[in-house]
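Scroll down for the structure; my scribbles are underneath it.
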Amino acid sequence: MSKPFTVLGAGLLAVAMWLWVQDIAIPHQQANAAALGIPRGNLSDLYPRWLGARELLLHGRDPYGAEVTREIQSGYYGRPIDPTRPNDPKDQQGFVYPVYVVFVLAPTVGLPFEMVQKGFLSLLVALTVVSVLMWLRVLGWRVSASAKIVWIVLTLGSFPAIQGFKLQQLTLLIATLLAAAMYAIVRRHFLWAGILLGLATIKPQLVILPALWLLIWTAGNWRERQRLFWSFTVAEVALVAGGEALLPGWIGKFRAASTAYYQYTGGGKSVLDVLLTPVWGRSVAGILIIVLLIFVWELRRADEGSVEFQWSLCLMLATTLLVIPMFAPYNQLLLLPVAMLIVRALGWLTQHRLSRFLLGMASISVLWPWLAAAGLVMALWFLPAPSVQKEWVLPLLTNFAIPVTLWALVLAAGGNLRARNSDASKVS
């Protein structure tokens with residue numbers, strides 16, 4: 001297929017996904033909320049963090065407190081939620097972030113939230129575009145300008161990105177910070193990499209495995225890489241200490257808020273918890289983490305520009321998506337470099353039957369949301385909108401299959417990599 005048709009095809013898929021969100025998914029949710037009396041306010045995931053930051057920095061109020069939580073609900077849901085109403089949301093939308101997130105949001109607390117919301121949306125779109133280009137650099141993959149456009153268009157037109165844009169989700173910021181940190185590492189700017197990784201800990205559950213992986217990798221060549229460790233440590237200590245100066249005892253408050261969050265939302269569940277039940281999911285998650293640690297320990301001496309480094313990075317990100325206690329689609333933006341690695345490794349993956357099978361399953365899982373969205377959008381031309389909107393969930397049917405199949409493919413690519421290295425050592 002020629003380059004112009006490839007770009008056009010990517011554009012059509014992206015447009016279809018946006019139209020599905022705007023004309024099918026959102027109208028269905030609005031109609032369902034109206035019928036059941038479910039409150040809907042600004043529904044911005046940024047709002048609880050922004051309001052908490054504003055109240056702490058401008059008025060000295062505890063962002064984890066019950067009063068601030070009720071004010072957050074008034075903006076997020078349009079009114080405080082009522083536990084006596086069976087259809088009211090269970091998520092209290094409390095300030096469930098490390099308090100030092102206020103340092104990131106400090107420049108915005110004096111502005112009206114409507115202005116902050118629009119500006120943050122534009123920022124997230126721009127950062128997502130930049131992250132695509134940085135991941136290509138991290139993987140050392142030189143592609144044509146049209147290929148870059150395709151990657152950017154498909155990323156901006158994917159449901160994880162669109163959901164993140166609509167909700168103003170800080171996960172998109174974290175994804176860019178991780179991309180920037182990895183880009184700094186491959187450029188050997190270890191000081192900046194540690195600082196960027198420290199800033200990304202505003203969502204610690206997304207950064208625990210990346211930080212652990214980089215700690216092991218740093219140990220593989222301590223003399224040259226120790227600046228990464230020290231800059232991350234200093235940045236994290238500065239953030240924690242700065243938070244303590246603003247709100248003494250914030251760590252205990254944060255832990256209590258996190259515990260309460262898991263209680264009123266029914267407990268944080270990972271992809272594995274949903275697929276295998278919580279007991280089996282956590283057991284398998286533990287096994288996957290052990291497997292990851294074994295591999296990254298073996299590859300700890302790999303140079304930052306090597307295929308081994310790139311593969312261990314992707315295995316770490318794929319494992320993170322399976323084990324973190326959340327399964328929202330917007331987190332799947334962290335799988336972008338994983339998808340890139342797989343596309344680049346198609347020549348390897350088509351050489352073996354198991355790899356071809358996994359590639360087929362992953363391709364179906366990843367392409368299905370776009371194809372289903374396009375089908376529903378076309379159905380709007382022939383069927384009444386309410387009838388089509390009832391099937392709004394179709395593009396989300398592979399939500400759990402995507403991280404599983406991509407993880408399996410990364411593991412398969414690693415098997416090919418190890419076989420190649422073994423053959424090379426025999427030849428040498």
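What to note about this one:
- Each Cα pair under 8 Å and six or more residues apart adds its separation to the average, and for the chain the resulting relative contact order is 19 percent.
- Two tests apply to each whole DSSP H helix in the chain, Cα reach of 18 Å or more along its axis and mean Kyte-Doolittle hydropathy of at least 0.5, and the ones passing both are 3-20, 113-138, 170-186, 204-219, 278-298, 307-323, 353-379, 401-427.
- Arg223 versus Arg188: modelled label distance in nm, points set 7 Å from Cα along the beta carbon direction: 1.4
- Lys/Arg +1, Asp/Glu -1 at C-beta; the chain dipole; positive extreme among Pro403, Val21, Leu139: Leu139
- The alpha carbon centroids of segment 172-238 and segment 28-75 are separated by 32 Å.
- Ranked Asp273, Asp82, criterion: other C-beta atoms within 10 Å, fewest first: Asp82, Asp273
- Compared with the direct C-alpha span, the chain from Ile290 to Glu244 gains 13.2 nm at full extension, assuming 0.36 nm per residue.
- Among Leu191, Pro248, Thr201 the positive-end extreme of the charge dipole of segment 169-264 (Cβ point charges): Leu191
- Calculated FRET efficiency for the pair Thr84/Val130, C-beta based, R₀ 35 Å, to 0.05: 0.15
- Counting Cα-Cα pairs of segment 348-407 in 5 Å increments starting at 0 gives whole-percent bin shares of 4, 19, 21, 17, 12, 11, 8, 5, 3, 0.
- Comparing Ala256, Ala413, Ala161 in a Gaussian network model of the chain, where Cα atoms under 10 Å apart are tied by springs, the biggest mean-square fluctuation is seen for Ala256.
- A convex hull fitted to the Cα coordinates of the chain yields 160 cubic angstrom per residue.
- Given charges at Cβ of Lys, Arg, Asp, Glu: the chain dipole, positive-most of Ala33, Leu12, Ala362: Ala362
- Normalising the average separation of contacting C-alpha pairs (under 8 angstrom, six or more residues apart) by the number of residues puts the relative contact order of segment 157-228 at 25 percent.
- In this simple spin-label model, placing a label point 7 Å from the Cα along the Cα-to-Cβ direction at both Val274 and Trp297 gives a separation of 3.2 nm.
- Cα-Cα over 31 Å, subset of Lys90/Lys253; Lys203/Lys390; Lys3/Lys390; Lys166/Lys253; Lys90/Lys148: Lys203/Lys390; Lys3/Lys390; Lys90/Lys148
- Student exercise, segment 3-419 dipole from Lys, Arg, Asp, Glu Cβ charges, in Debye to nearest 20: 800
- Label-to-label distance for Ile26 and Lys118 is 1.5 nm, based on points extended 7 Å past Cα in the beta-carbon direction.
- Separation of alpha-carbon centers, segment 251-309 and segment 331-358, rounded to whole Å: 21
- Near-label residues of segment 295-328 by backbone N, under 18 Å of a point 7 Å along Cα→Cβ of Val393: 327-328
- Extension gain for Leu8 to Tyr262 (0.36 nm times residue separation, less C-alpha to C-alpha distance): 87.1 nm.
Rule-based calculations on the coordinates, nothing more; no lab input. Because the structure is predicted, anything quoted here is derived from the model rather than measured. A quick note on method: Cβ atoms are made from the backbone with ideal geometry, for glycine too, and the neighbour counts reach across all protein chains shown.
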